[in-house]
1. What's the number of the only condition in (1) touching a Leu at 6+ places or on another chain (Cβ under 8 Å); (2) at pLDDT 85 or above that Gly62 fails to meet?
2. Would you point out which residue out of Leu89, Leu69 is at pLDDT below 95, closer than 17 Å to Arg115 by Cβ and surrounded by 15 or more Cβ atoms within 10 Å (Cβ to Cβ)?
3. Can you list residue pairs whose Cβ atoms sit under 7 Å apart, with the first residue in region 82-94 being farther than 25 Å from Ser70 by Cβ and the second being crowded, with 17+ Cβ neighbours inside 10 Å? Count only pairs 6 or more apart in sequence or on different chains.
4. Identify all residues within region 76-86 that are farther than 17 Å from Ile120 by Cβ and either of a type outside the set (Ser, Thr, Tyr) or open to solvent by less than 50 Å² (accessible area, probe 1.4 Å) (or both); write none if there are none.
5. Pick from region 7-21 the residues that are without any contact (Cβ under 8 Å) to a residue 60 or more places away in the chain and assigned to a loop (DSSP other than H, G, I, E, B): which of them is farthest from Gln44 (Cα to Cα)?
6. Where residues in region 49-66 are closer than 23 Å to Gly17 by Cα and touching a residue at least 40 places away in the same chain (Cβ under 8 Å), which of them is most open to solvent (accessible area, probe 1.4 Å)?
7. Among Ser45, Ser70, which is the only one that is free of Cβ contacts under 8 Å to residues at least 12 places away in the same chain and not charged (D, E, K, R)?
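The values are calculated or read from the model by the stated rules, or taken from the named source; none is laboratory data. These figures come from a predicted structure and were not determined experimentally. Counting neighbours? That spans all protein chains shown, and the Cβs are built from the backbone with ideal geometry, glycine included. What goes into the accessible areas is simple: the full protein's heavy atoms, side chains included, and nothing from ligands, DNA or RNA. Shrake-Rupley method; radii C 1.70, N 1.55, O 1.52, S 1.80 Å.
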Amino acid sequence: VGEIEVSPERVITFPAGLPGFEACRQFALLHSEGNEAPTLFILQSLDDTEVAFTVTPPDIFGLNYEFTLSDTEVDDLQLTDPADAMVLLIVRSDVDNPVHANVMVPLVINSAIRRGLQKIIGKVDTSVTLKAVG
């Protein structure tokens, strides 16, 4: 554990924070050095160094999300081009479940201006893509 310097153009702002972590509004998306194609990232709070989440794109689990953002959410993200919307899932692991992704509360980030929110959805409409191994 040590300090890292994060350039301002790499900071992601969550204006409302994240549920349960409302005071944490500035985050950096980090990954292991030397990993050319990372699949797991650390979303590190810059407001509280004790707060960090492991995140991954949903396609790692073979999920293709389809959900609608409300007008308020689009405004909060300042999203003008849907192609700028990036979706990440918070993942965790424990003894009973080696990797668990919470698909009901994805993070949505406007990658153009690095502004995000956590979308709380009651029902997920997903399609599963099976990938051949080998």
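1. Condition not satisfied by Gly62: (2).
2. Only one candidate passes the filter, namely Leu69.
3. Listed by first residue and then by second, the contacts come to Val91/Val55; Val91/Thr56; Val91/Ala101.
4. If the condition is that a residue be farther than 17 Å from Ile120 by Cβ and either of a type outside the set (Ser, Thr, Tyr) or open to solvent by less than 50 Å² (accessible area, probe 1.4 Å) (or both), then Gln78, Leu79, Asp81, Pro82, Ala83, Asp84, Met86 are the ones that fit.
5. Gly20
6. Step by step, filter region 49-66, then rank; the result is Tyr65.
7. Ser70
One line per residue, one yes/no per condition, for (1) under 13 Å from the mean Cα position of the chain (by Cα); (2) open to solvent by 40 Å² or more (accessible area, probe 1.4 Å); (3) at pLDDT 95 or above:
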{"position": "Glu3", "(1), (2), (3)": "no, yes, no"}
{"position": "Pro8", "(1), (2), (3)": "no, yes, no"}
{"position": "Ile12", "(1), (2), (3)": "yes, no, yes"}
{"position": "Arg25", "(1), (2), (3)": "no, yes, yes"}
{"position": "Gly34", "(1), (2), (3)": "no, yes, no"}
{"position": "Ala37", "(1), (2), (3)": "no, yes, no"}
{"position": "Ile42", "(1), (2), (3)": "yes, yes, no"}
